[in-house]
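Participant: My structure is below; once you've seen it, I'll send some questions.
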Amino acid sequence: MRKLVYYVASTLDGFIAAPDGSYDFLPLEPDVAAHLVATYPQTLPTFAHAQFGIDRPAGRFDTVVMGRGTYDPALAAGITSPYARLRQYVFSRSLPPAAEPEVEIVAGDPVALVRELKARDGKDIWLAGGGRLAGQLIPEVDELILKLNPVVVGSGVPLVTRDFDPRRWALIDTRPFDSGVVILRYTRPEGAPGSEG
């Protein structure tokens, strides 16, 4: 069965964006960029592929799910398909249907759609954000990959927005970089809620 992977940049105090949704205080450091190009090239926006020398990105994902706030910066830049080589699902009750065939605007239940996607054939599914969508989907997340940045911001969009509900994760990999960024990979422990698949 396909996995849902929440792969996102975060501050030390657990925020993935500023209060206004911007994230320019989380720059893509050159040493981390080289790692991402080699490991997760599909998670870099299509417009940046030429800059990073990415021709035909391959890797573990063929689908991305995201909230409206994650999609909005691309729309503001006139980009309607930010990850053109992935099937893209954007959760929004106010956006009109997308013109791009690989982008689907979804007004329905994120959990139901993710469960349906997991049951289909294909590669893993990338949850790109934001915090409210991650809060709804955290019971479905099989792996959590954090690009932990050495910055504290105090407030903003949290990694997960949901009622108090502690869930333990098992650390499976740590990758530190000279820039101070650390990529942490966690998996849901066996027997934890949602780990049946």
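The values are calculated or read from the model by the stated rules, or taken from the named source; none is laboratory data. What you see is a predicted model; the values in this text were computed from it and never measured. In this analysis, Cβ positions are derived from the backbone assuming ideal geometry, glycine residues included, and neighbour counts consider all displayed protein chains.
Participant: Can you give me the number of residues within the range 22-32 that are in contact with a helix residue (DSSP H, G or I) (Cβ under 9 Å, 6 or more places away or on another chain) and buried (at least 17 other Cβ atoms within 10 Å of the Cβ)?
Facilitator: Residues in the range 22-32 being in contact with a helix residue (DSSP H, G or I) (Cβ under 9 Å, 6 or more places away or on another chain) and buried (at least 17 other Cβ atoms within 10 Å of the Cβ): 1 in total.
Participant: Restricting to the range 169-188, name every residue that is at pLDDT 95 or above and of a type outside the set (A, V, I, L, M).
Facilitator: Trp169, Asp173, Thr174, Arg175, Pro176, Phe177, Asp178, Ser179, Gly180, Arg185, Tyr186, Thr187, listed by residue number.
Participant: Tell me the residue from Tyr83, Tyr71, Tyr89 that is among the aromatic types (Phe, Trp, Tyr) and out of contact with any helix residue (DSSP H, G or I) (no Cβ under 9 Å at 6 or more places or on another chain), please.
Facilitator: Just one listed residue meets the conditions, Tyr71.
Participant: Sort out which residues of the range 1-56 are among the β-branched types (Val, Ile, Thr) and free of Cβ contacts under 8 Å to residues at least 24 places away in the same chain, and write them in order of number.
Facilitator: Val37, Thr39, Ile54
Participant: Can you name the residue in the range 2-14 that is farther than 18 Å from Gln136 by Cβ and among the hydrophobic types (A, V, I, L, M, F, W, C) and is also surrounded by the fewest Cβ atoms within 10 Å (Cβ to Cβ) among such residues?
Facilitator: Ranking the qualifying residues of the range 2-14, first place goes to Leu12.
Participant: A further question follows. Please go through the range 109-137 and give me each residue that is modelled with pLDDT of 95 or more, surrounded by 22 or more Cβ atoms within 10 Å (Cβ to Cβ) and in contact with a Lys or Arg (Cβ under 9 Å, 6 or more places away or on another chain), ordered by number.
Facilitator: Ile125, Trp126, Leu133, Ala134 - these are the residues of the range 109-137 that are modelled with pLDDT of 95 or more, surrounded by 22 or more Cβ atoms within 10 Å (Cβ to Cβ) and in contact with a Lys or Arg (Cβ under 9 Å, 6 or more places away or on another chain).
Participant: How about the range 63-82: which of its residues are surrounded by fewer than 19 Cβ atoms within 10 Å (Cβ to Cβ) and closer than 22 Å to Arg2 by Cβ?
Facilitator: Ser81
Participant: Quick check on my filter: what residues within the range 36-67 are in contact with a helix residue (DSSP H, G or I) (Cβ under 6 Å, 6 or more places away or on another chain) and over 21 Å from Leu127 (Cβ atoms)?
Facilitator: If the condition is that a residue be in contact with a helix residue (DSSP H, G or I) (Cβ under 6 Å, 6 or more places away or on another chain) and over 21 Å from Leu127 (Cβ atoms), then Phe52, Ile54 are the ones that fit.
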